[in-house]
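Just so it is clear, none of the values below were taken in a lab; they were calculated from the coordinates. Here the structure is a predicted model, which is why all the values come from computation and not from measurement. Note that each Cβ is placed from the backbone with ideal geometry, even for glycine, and that neighbours are counted across all protein chains shown.
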Amino acid sequence: MATRAERTALAFLTSVVLVGAAVRVTRALRHQSAPEPAAAKALARQRKAVDSAAHMHRPSRGGTAAEGPTSSRSSRGARPRAAVPAAAPVPVDVDHASARELEALPRVGAALAARIVAEREAKGPFGSLDRLRARVKGIGPAMVKTLEPLVVFSSR
């Protein structure tokens, strides 16, 4: 059993922690403001890219993302969706694409697209996915597997 002095010290420390937390919350709420337009725009682009990449690569229940569900009823009893054939994606020519076009690829953000363009401008076209991976930091085996069906290299 704790002594009176220990209980008093524990009560004091608890009150200090609670007051500190209240001060932090109050400061955070007081200084909360709308994000800068550029930051809001960048966040919107990131959300769009994540949503499209997640939709593109996540298999749905009963089928792939391109096929749609094939079961007659979902677990919640909702009506099934008709299978929608996916249009073949237009491959992106990495040897000539702009940074904006590269950003449309899954897992490629603004920074990586800029690195790809800068490397291509500095040392010439890549010619293959293996050379792209070797020359650009941030492209690993998982990304190569993701990009393989979506990119081409013309080396013109």
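Overview of results
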quantity: Amide H contacts of Val152 (H built 1.01 Å from N, under 5 Å, at least 5 apart or other chain); calculated: Val92, Asp93, Val94
quantity: Shape call, segment 92-152: gyration tensor on alpha carbons, a/c limit 1.5; calculated: rounded
quantity: FRET E, pair Ala28, Val50, Förster distance 22 Å, beta-carbon r, rounded to 0.05; calculated: 0.30
quantity: Segment Leu150-Ser98, length gained on full extension (0.36 nm per residue, minus Cα span); calculated: 17.2 nm
quantity: Additional length obtainable on full extension of the chain from Ser128 to Ala40, 0.36 nm per residue less Cα span; calculated: 28.1 nm
